[in-house]
Amino acid sequence: MNDTADLVGVLRAAGETTRLRLLALLADGEQSVKDLTEILGQSQPRVSRHLKLLADAGLVSRNAEGAWAYYGLADAGAGGDLARWLVDRLSEDDPDRLRDRKRLEAVRSSQQAQAAEYFAKVADSWDLLRSLHVPEEAVEAAILAAVGDRVVDTLIDLGTGTGRMLELLAGHYRRGVGIDASREMMAVARAKLAAASINHAQVRLGDIADLDTAAGRADLIVIHQVLHYFDDPGRVLGQARRALKPGGEMLIVDFAPHGLEFLRTHHAHRRLGLSEVQIAQWARAAGLRVAGFSSFPPTDIAEGLTVCLWRLCDDNGDPSQ
């Protein structure tokens, strides 16, 4: 917004009752057109038209996922700043605001019920995999220790799955983006983030092996229990490197080499663990270096899996120093 005409256009876009209601709803987190239509009780074409005006004015952002699209307040820029300024000045007791929030809670409750149904379908597999390695609490404590007291501007979680890393590290980033290729997992992640009132994180549909850098570049990238699903983890690291800011850092969590072939045949694992040498080679090829390593042996040494945590830093610098 550098001139009067631009500013007037933005103010006109925001200066309408339904569009103000949309801004207020999007301040509570990303929503699809379908959800917004249900909440507002208006037709899909009408809601889409309002959203297009807001997006064209730079007040909201649009993220397409196939036939669907998710909207949120613009992450940065004068339009996003103005949108937040307007929402902050809306009365919490406004009848439309109260009604919209009530309907939003109903939509989120429905989404969480769907997520619970999905978890029920995969519960056996999740319980089996958890029983094979060290309790997740120990690994998560190590992840938190690796991040320390830092609060980064942008965190990207590649292969976010159910969004656990976005949830765990919510206090350590100002903006979080989770990327995953599974719509089912993203539905779970969105429900969990909404239930935890984590409004500064979003999830995106995407292929991390062919990464779209539209999400921006990150100070910290997390790749948690993902690389073993790829034939070429080095390529994934190379793609991730493109999304890392100079001096940025990656945290990788994955299994050490093992011989549990059934994980490949029944659980889609492509690599039976990753070695320290392999990670070091892939990191070097991507212009990264291993700055830290920890391993967590299983309770049952004979049958369990060892979990490893690698900390990779940009060769240009170590962000913790």
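The values are calculated or read from the model by the stated rules, or taken from the named source; none is laboratory data. Everything numeric in this text was worked out from a predicted model, so none of it was measured. Note: ideal-geometry Cβ built from the backbone for every residue, glycine included; neighbour counts use all protein chains shown.
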Tell me, which residue of region 1-11 that is farther than 17 Å from A74 by Cβ and assigned to a helix (DSSP H, G or I) is nearest to the chain's Cα centre (by Cα)?
-> V8
Could you figure out which of (1) in contact with a helix residue (DSSP H, G or I) (Cβ under 7 Å, 6 or more places away or on another chain); (2) within 22 Å of S182 (Cα to Cα); (3) at pLDDT 90 or above; (4) buried (at least 16 other Cβ atoms within 10 Å of the Cβ) isn't true of N199?
-> (1)
Going by the conditions given, is G171 farther than 15 Å from V253 by Cα and among the small types (G, A, S)?
-> yes
Determine if region 53-61 includes at least one residue that is within 18 Å of A201 (Cβ to Cβ) and either surrounded by 19 or more Cβ atoms within 10 Å (Cβ to Cβ) or touching a Gly at 6+ places or on another chain (Cβ under 9 Å) (or both).
-> yes
Within region 144-157, can you find the residues that are of a type in the set (V, I, T), surrounded by fewer than 20 Cβ atoms within 10 Å (Cβ to Cβ) and either assigned to a helix (DSSP H, G or I) or without any contact (Cβ under 8 Å) to a residue 24 or more places away in the chain (or both)?
-> V151
Could you name every one of the helices (runs of 4 or more DSSP H) located completely within region 12-63 that has at least 2 residues being closer than 26 Å to E92 by Cβ and among the β-branched types (V, I, T)?
-> 17-26, 33-40
Do you know which residues across region 209-235 are among the aliphatic types (A, V, I, L, M) and surrounded by fewer than 23 Cβ atoms within 10 Å (Cβ to Cβ)?
-> A209, L211, A214, A215, V226
Any chance you could count how many residues in region 158-194 are among the small types (G, A, S) and either more than 21 Å from D75 (Cα to Cα) or at pLDDT 95 or above (or both)?
-> 9
Of the residues that sit in region 263-280 and are assigned to a loop (DSSP other than H, G, I, E, B) and out of contact with any strand residue (DSSP E or B) (no Cβ under 6 Å at 6 or more places or on another chain), which one is surrounded by the fewest Cβ atoms within 10 Å (Cβ to Cβ)?
-> A268
Has region 281-289 got any residue that is within 23 Å of A142 (Cβ to Cβ), modelled with pLDDT of 95 or more, surrounded by fewer than 18 Cβ atoms within 10 Å (Cβ to Cβ) and out of contact with any Lys or Arg (no Cβ under 6 Å at 6 or more places or on another chain)?
-> yes
